[in-house]
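S.K.: Just dropping this structure here.
The values are calculated or read from the model by the stated rules, or taken from the named source; none is laboratory data. From a predicted model like this one, the values you see are computed outputs, not experimental measurements. Note: ideal-geometry Cβ built from the backbone for every residue, glycine included; neighbour counts use all protein chains shown. Side chains included, ligands, DNA and RNA excluded: accessible areas come from the protein's heavy atoms. Shrake-Rupley method; radii C 1.70, N 1.55, O 1.52, S 1.80 Å.
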Amino acid sequence: MPTYQYDQPFRFVHRADVAFGKGRAAEIPDELADLDVEHPMIVTDPTLPEVGVTDPIVDALEDAGIEYYLYDEVEPNPRVSTVEDGAEIFNDEGCDGAIGVGGGSSMDTAKAISGLAKCGGDYIDYEGQGNFPTDPYPIITVPTTIGTGSEVTPFTVITDPNREEKIGVGDPKLIPNVALLDPTLLQSLPSKVAASTGMDCLTQSVMGYISTNSNPITDALNYRSVEMVSESLPAAVSKKDLDALMNMQIATTIDGMGFMNSGLGLVHSMSHPVSAHYDTPHGVTNGLILPAVLRYNRIAREDKYAELAEAMGVDARSMSTREASKRFVEEVEDLSQAVDLPEGLSELGVEEDFLPDLAEAAATRADTSRNKSTNPRVSTEEDILEIYRDAY
Ligand SMILES: [Fe+2]
């Protein structure tokens, strides 16, 4: 008798080619040629060109005689105006493809610019699922952090400061054509960014694995990602060990392929209002909320928690399912401590008397409802407030 009865219908979507290897970034001219892109826009943040992370890409383009436009205006929690300005420049400069280099912010912005430059209008017009009428310009992603999965997913998260909300756009048309994974680009990744983005990867994989929308394929991907994060994140953060960083880079791409199909659950619903209001790092915010959500969800997914305990290296053979499920939550907390995450939301500057407003946003706003819909427990606003307090 198999452990699972996988009897629910599902569709598994995947499109991006994934090309991995040390030095892969230098092959970008070949990738552009395959996509018939002659004048790309590089979309990144101001820091990466300064510290030389974009050099292998820029050097390869210059050696190949490819003219490019460098748009290095992406900020953390990127704004709608950054996307709209970028799309205008993209068209004014006659660009015909986007290369997103950086973390989730830069890759999301590259995807958004490519779609908006092609289809016109305001970015907010495309809020929701599947609203782009035509394919965007070709998109290549080159991740330089270890945790968003944006390199292979159809999602962009862009902040509207007027609404203090993150605008979620998900469209299979925005799935990048190619994700170029070059671990040598991770060598100067600051430990804090490694910890933050790595905890995003863990959150997405865990929540994808316990999602009501998981399927056999996403389970395979998300389980392996949890295993790899557990093995490699501490060394990636503290020692900047290249093998560990490499494993994390692969884990996050595996995770992207998984969670884009399984959904993300309650943690992202709760972290987006916090980041939108306080401008806190996405991964840290998720990492702080994750243990509290796991405590809340445990009774609904003891079996899968027990499996995840094993993915995190626990020998659970002599434990009951309940014991192993509790041990899994402890393992997640231990990993947070090992990578020096803050103790709680209070340390991020979140005000205690603002928690009810955050709970209301997480319970009701459009940008949070899709994630929440795949959480294993159906949560009320009161439940969410309790979880924020637990994470405080
Ligand atoms: Fe995330």
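S.K.: Of the residues S105, S81, which single one is among the polar types (S, T, N, Q), assigned by TED's automatic domain parsing to the domain that holds T148 and surrounded by fewer than 24 Cβ atoms within 10 Å (Cβ to Cβ)?
M.R.: S81
S.K.: Kindly indicate whether D72 is buried (at least 17 other Cβ atoms within 10 Å of the Cβ) and in contact with a His (Cβ under 6 Å, 6 or more places away or on another chain).
M.R.: Against the criterion (buried (at least 17 other Cβ atoms within 10 Å of the Cβ) and in contact with a His (Cβ under 6 Å, 6 or more places away or on another chain)), D72 does not qualify.
S.K.: Just need a number here: residues in region 273-289 that are more than 9 Å from the ligand (Cβ to nearest atom), of a type outside the set (S, T, N, Q) and assigned to a helix (DSSP H, G or I).
M.R.: Matching residues across region 273-289 total 9.
S.K.: Checking K192 against (1) closer than 17 Å to V13 by Cβ; (2) part of a helix (DSSP H, G or I); (3) open to solvent by 10 Å² or more (accessible area, probe 1.4 Å), which test does it fail?
M.R.: (1)
S.K.: Let me ask something else. Report yes if A117 is more than 16 Å from P172 (Cβ to Cβ) and without any contact (Cβ under 8 Å) to a residue 40 or more places away in the chain, otherwise no.
M.R.: yes
S.K.: Pull up region 131-143, narrow it to residues that are more than 16 Å from the ligand (Cβ to nearest atom) and within 19 Å of the chain's Cα centre (by Cα), then point me to the one that is nearest to T252 (Cα to Cα).
M.R.: The residue in question is V142.
S.K.: Follow-up question, since we're still on this one. For region 281-296, enumerate the residues that are buried (at least 24 other Cβ atoms within 10 Å of the Cβ), more than 13 Å from V206 (Cα to Cα) and either modelled with pLDDT under 95 or in contact with a Ser or Thr (Cβ under 7 Å, 6 or more places away or on another chain) (or both).
M.R.: H282, G283, V284, T285
S.K.: Do we find that E343 is open to solvent by 40 Å² or more (accessible area, probe 1.4 Å), outside the structural domain of T153 (by TED's automatic domain parsing), over 20 Å from G149 (Cα atoms) and assigned to a loop (DSSP other than H, G, I, E, B) in this structure?
M.R.: yes
S.K.: Every residue in region 175-234 that is away from the ligand (no atom under 16 Å from the Cβ) and among the charged types (D, E, K, R), please.
M.R.: D182, K192, D219, R224, E227, E231
S.K.: Among T144, T203, T218, which is closer than 26 Å to E88 by Cβ, among the polar types (S, T, N, Q) and open to solvent by less than 20 Å² (accessible area, probe 1.4 Å)?
M.R.: The match here is T144.
S.K.: Okay, moving on. Counting only residues that are more than 11 Å from the ligand (Cβ to nearest atom) and under 13 Å from A110 (Cβ atoms), which one in region 153-168 is surrounded by the most Cβ atoms within 10 Å (Cβ to Cβ)?
M.R.: Residue satisfying both the conditions and the ranking: T156.
S.K.: Also: Being under 14 Å from T253 (Cα atoms) and at pLDDT below 95 is the filter here; which residues of region 166-182 pass it?
M.R.: The answer is none; no residue qualifies.
S.K.: Name the residues in region 260-280 that are under 13 Å from M207 (Cα atoms) and open to solvent by 10 Å² or more (accessible area, probe 1.4 Å), would you?
M.R.: Those that are under 13 Å from M207 (Cα atoms) and open to solvent by 10 Å² or more (accessible area, probe 1.4 Å): M260, N261, G263, L264.
S.K.: Just wondering, is there one or more residues in region 258-269 that are closer than 30 Å to D7 by Cβ, part of a loop (DSSP other than H, G, I, E, B) and away from the ligand (no atom under 16 Å from the Cβ)?
M.R.: No.
S.K.: Filter region 361-392 for residues that are at pLDDT 95 or above and of a type in the set (D, E); which is least open to solvent (accessible area, probe 1.4 Å)?
M.R.: Filtering region 361-392 for residues that are at pLDDT 95 or above and of a type in the set (D, E), the one least open to solvent (accessible area, probe 1.4 Å) comes out as D383.
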